[in-house]
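Report on the structure given below.
FYI, it's all coordinate maths here, none of it is from the lab. Given the structure is predicted, the values throughout are model-derived calculations rather than measurements. Because the Cβ atoms are built from the backbone with ideal geometry, glycine has one as well, and the counts that use them run over all protein chains shown.
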Amino acid sequence: MSRFDEFVADRIGPWQVGDDNPLVYGICWTITQIGGQRALILIVMAVLVGYLCWTRRTLQPLARTLVALLLLTITVYAFKYGLGRTAPEFPGGSFLHRDGQSYPSGHTANAVLMWGIATWLAVYYGLPVRVQRLFATLFVVSPIASGVTMLLLNFHWVTDLLTGAAVGLILLWVIHVVFDGPLGRWTGIPEARADRIPTSSVSA
């Protein structure tokens, strides 16, 4: 894994952005934050979830989002602190160290999982098509944009990003499985299904 990461890092080295170019560095850094920073995504999620809970009279969107955040936090930080992999900027390259928290990328995992849930909620509850398409676009574009810019800024190894995306996808699947069972019934999802006619242009 380290050899592959170093191979990729060598290939993208000429395009990496340093703080000697503050304008480009600032643009790239902003993209990483917009694409995968949890606080910014949660602001959007709070508006979406609050609207759905209020208008649909169900706790299901809130429960789904909170469980997703809990699983994401436990999983990502268990890997980060358990493995202790160092970031590319750490002296000596890639190795395990008590100060390492590079693997996997929390930004990428967060973008995949949270925008995936936002897309599902928009589709399931029949929000306007333009809203569904917006969240579906964010689900695809945000992890890619955030991942590419973090590579250019030398914040992460490529396998950190790929694993982060995989973690996000796996947790997204787990959330769907969990809420198709008893937890979904407890939060009112079967009743919602019985009364709802799908109005989606995006695959859930």
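Segment residue 166..residue 77, full-extension length gain: 30.5 nm, with 0.36 nm per residue of separation and the alpha-carbon distance subtracted.
Report the FRET efficiency, 1/(1 + (r/R0)^6), for residue 51 and residue 133, where r is their Cβ-Cβ distance and R0 is 22 Å, rounded to 0.05.
0.80
Full extension of the chain segment joining residue 42 with residue 27 gains 3.3 nm, where the gain is 0.36 nm per residue of separation less the Cα-Cα distance.
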